[in-house]
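Colleague: First the structure, then my questions, so here it is.
The values are calculated or read from the model by the stated rules, or taken from the named source; none is laboratory data. It should be emphasised that the depicted structure is a prediction, and the values quoted were computed from it without experimental measurement. Glycine also receives a Cβ, built like all others from the backbone with ideal geometry; neighbour counts cover every protein chain displayed.
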Amino acid sequence: MALVGFTVVLLAGCSAATEEIAAGDVAQEFARSVASKPDRACDLLAPETRAAVEQDGPCAEQMADLDIPTNGRIVDAAVAGHSARVSTAQDRMFLALFDSGWRVMAAGCGPAASADNNQPADCVVKD
């Protein structure tokens with residue numbers, strides 16, 4: 001019986017690490033795509049966030065005007081349920097898990113976006 005409990009805890013830990021990697025991969029791809037492949041960056045936005053970006057025109061055109069750091073080297077990632085916070089050397093991004101995978105809810109939040117580090121504040125892109 002103890003082995004079953006240990007296995008469940010072990011699998012839960014692996015699942016969290018797997019999700020942190022997956023969220024980090026999306027955050028890296030988003031950061032790399034902002035300048036070079038803005039259409040791809042737009043595809044990685046959550047629907048509400050993309051709608052907010054598109055208020056002033058097509059998403060890909062808006063990406064060029066946004067000051068989002070493009071250094072996607074991950075320094076920290078944390079997942080809690082369907083939410084993730086991914087930090088790069090120059091940025092903090094917040095992601096949500098959708099049926100289609102992880103999507104960026106907020107980006108360009110800076111390395112110290114808020115006092116509690118879990119809420120987007122003063123982000124360049126957010127819904």
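Colleague: Given the structure, is residue 28 modelled with pLDDT under 95 and within 11 Å of the chain's Cα centre (by Cα)?
Modeller: Spelling it out, residue 28 is indeed modelled with pLDDT under 95 and within 11 Å of the chain's Cα centre (by Cα).
Colleague: Now for a different question. Please work out if residue 104 is aliphatic (A, V, I, L, M), farther than 21 Å from residue 122 by Cβ, buried (at least 17 other Cβ atoms within 10 Å of the Cβ) and at pLDDT 90 or above.
Modeller: No, not satisfied.
Colleague: Right, next: Counting only residues that are within 14 Å of residue 44 (Cβ to Cβ) and among the polar types (S, T, N, Q), how many does segment 65-99 have?
Modeller: Summing the residues that are within 14 Å of residue 44 (Cβ to Cβ) and among the polar types (S, T, N, Q) in segment 65-99 gives 1.
Colleague: Looking at segment 57-66, can you tell me whether even one residue there is crowded, with 21+ Cβ neighbours inside 10 Å and either among the hydroxyl-bearing types (Ser, Thr, Tyr) or within 10 Å of the chain's Cα centre (by Cα) (or both)?
Modeller: Within segment 57-66, not a single residue is crowded, with 21+ Cβ neighbours inside 10 Å and either among the hydroxyl-bearing types (Ser, Thr, Tyr) or within 10 Å of the chain's Cα centre (by Cα) (or both).
Colleague: Read through the list (1) surrounded by fewer than 17 Cβ atoms within 10 Å (Cβ to Cβ); (2) within 17 Å of the chain's Cα centre (by Cα); (3) at pLDDT 85 or above; (4) within 17 Å of residue 108 (Cβ to Cβ), then give the number of the only condition that residue 39 fails.
Modeller: Result: residue 39 passes all but (4).
Colleague: What is the number of the single condition among (1) assigned to a helix (DSSP H, G or I); (2) crowded, with 17+ Cβ neighbours inside 10 Å; (3) within 15 Å of the chain's Cα centre (by Cα) that residue 109 does not meet?
Modeller: Of the numbered conditions (1) assigned to a helix (DSSP H, G or I); (2) crowded, with 17+ Cβ neighbours inside 10 Å; (3) within 15 Å of the chain's Cα centre (by Cα), the odd one out for residue 109 is (1).
Colleague: With respect to residue 75, determine if the residue is at pLDDT 85 or above and either within 11 Å of the chain's Cα centre (by Cα) or more than 18 Å from residue 17 (Cα to Cα) (or both).
Modeller: Spelling it out, it is not the case that residue 75 is at pLDDT 85 or above and either within 11 Å of the chain's Cα centre (by Cα) or more than 18 Å from residue 17 (Cα to Cα) (or both).
Colleague: Just the residues that are in contact with an Asp or Glu (Cβ under 8 Å, 6 or more places away or on another chain) and among the acidic types (Asp, Glu), please, taken from segment 16-42.
Modeller: Scanning segment 16-42 gives no hits.
Colleague: Filter segment 84-101 down to residues that are at pLDDT 90 or above and surrounded by fewer than 15 Cβ atoms within 10 Å (Cβ to Cβ), then give me how many there are.
Modeller: 4
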